[in-house]
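Comments concern the structure below.
The values are calculated or read from the model by the stated rules, or taken from the named source; none is laboratory data. Treat the numbers as computed from the prediction; the structure is a model and nothing was measured. Because the Cβ atoms are built from the backbone with ideal geometry, glycine has one as well, and the counts that use them run over all protein chains shown. Ligands, DNA and RNA are excluded from the accessible area calculation, which covers all protein heavy atoms including side chains. Shrake-Rupley method; radii C 1.70, N 1.55, O 1.52, S 1.80 Å.
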Amino acid sequence: MIQNMSEKKVEIAEIFSSLQGEGPRLGEKHLFVRFPACNLHCHYCDEMGHEPVEMDMETLLEKIRAADRQHGPHSFLSLTGGEPLLYTGVIRQMASTLRPEGFKFYLETSGFLVKALDEVLDCVDSISMDVKLPSVTHDRDCLEEHSAFLKASQGKELHVKIVVSTGISREEFFKAVQMIHEINPATPLVLQPITVGGEKYIDNRLFDILTELQSAALGWLENVRIIPRLHKVLGVK
Ligand code: SF4
């Protein structure tokens, strides 16, 4: 359910400072605001299960400012989840106050709620969008929605992330690469080895698949990188 701006209370799973563990901004210091709900059920998900805390908007804003004062400076305020785009009203309210104070907004999204994206596109400075492949997530095919989302995101700093497992379908992968190529072949693509639970390292078989997919995708896209989740490698939050 999408929360709207008139709601007085917001549910937040956690607010924390850490390094950005994924994608091209790997290693930057980010202040994360995690939203609790998601409308997908990726079988490898390790981001759910945080008990949400209900608070009013002023309290949320003050907690963000306090965390930034204590742990900053941060490169970005990262909206993560769950799926932040289920909270567009909250994001707009946060952005209207915090962006004039100097916060830049980084949106981490599963990349298929295009109507919700339209509602907050002017509030975000950088987008990390997933392309979810059913052979990896064991959930539904979202390719058409991903395509619409990627088109709507053009003009923003953006990268696409595909999680790769040993069970990945080459057919699904190449459809996704072709879709990205047709919209913008300069879009950076990150191949992220799957992590399940506390797993820290990838095995040789998965690494071979990642390099095979990278080589093939580089025939279609200009920038394809293999980037594991740094916070899992380091064993930090
Ligand atoms: S989209 Fe992200 S938060 Fe939602 S189930 Fe998948 S991995 Fe978890």
Answer yes if at least one residue in segment 123-135 is buried (at least 18 other Cβ atoms within 10 Å of the Cβ), over 15 Å from the mean Cα position of the chain (by Cα) and under 13 Å from residue 79 (Cβ atoms), and no otherwise.
yes
Out of everything in segment 29-71 that is surrounded by 15 or more Cβ atoms within 10 Å (Cβ to Cβ) and among the acidic types (Asp, Glu), what residue ends up being farthest from the ligand (Cβ to nearest atom)?
68
For segment 109-121, which residues satisfy the criterion of being open to solvent by 30 Å² or more (accessible area, probe 1.4 Å) and in contact with a helix residue (DSSP H, G or I) (Cβ under 8 Å, 6 or more places away or on another chain)?
113, 114, 118, 119, 121
With respect to residue 26, is the statement that it is open to solvent by less than 50 Å² (accessible area, probe 1.4 Å) and either within 21 Å of residue 158 (Cα to Cα) or within 15 Å of the chain's Cα centre (by Cα) (or both) true?
no
Sole exception among (1) assigned to a helix (DSSP H, G or I); (2) away from the ligand (no atom under 15 Å from the Cβ); (3) open to solvent by 10 Å² or more (accessible area, probe 1.4 Å); (4) of a type outside the set (S, T, N, Q) for residue 102, by number
(1)
Being open to solvent by 10 Å² or more (accessible area, probe 1.4 Å), out of contact with any Pro (no Cβ under 6 Å at 6 or more places or on another chain) and closer than 21 Å to residue 20 by Cα narrows 195, 187, 166 down to just 195
Looking only at residues that are open to solvent by less than 40 Å² (accessible area, probe 1.4 Å) and farther than 18 Å from residue 17 by Cα in segment 72-94, which one is nearest to the ligand (Cβ to nearest atom)?
83
For segment 145-152, check the following and say yes or no: at least one residue is closer than 18 Å to residue 41 by Cβ, within 16 Å of the ligand (Cβ to nearest atom) and out of contact with any Gly (no Cβ under 9 Å at 6 or more places or on another chain).
no
Given the criteria under 20 Å from residue 100 (Cα atoms) and open to solvent by 60 Å² or more (accessible area, probe 1.4 Å), does residue 11 qualify?
no
In contact with a Leu (Cβ under 6 Å, 6 or more places away or on another chain) and either more than 23 Å from residue 157 (Cα to Cα) or part of a strand (DSSP E or B) (or both) - does that describe any residue in segment 75-97?
yes
List the number of the failed condition for residue 107; all other conditions in (1) under 22 Å from residue 191 (Cα atoms); (2) of a type in the set (A, V, I, L, M); (3) away from the ligand (no atom under 16 Å from the Cβ) hold.
(3)
The correct count of residues that are within 15 Å of the ligand (Cβ to nearest atom) and not in a loop (DSSP other than H, G, I, E, B) in segment 115-142 is 10
Between a residue in segment 66-82 that is of a type in the set (Asp, Glu) and any residue that is not in a loop (DSSP other than H, G, I, E, B), which pairs come within a Cβ distance under 9 Å, given they are 6 or more apart or on different chains?
68/17; 68/31; 68/77
Look at residue 151 and say whether it is of a type in the set (Lys, Arg), open to solvent by 60 Å² or more (accessible area, probe 1.4 Å) and at pLDDT below 95.
no
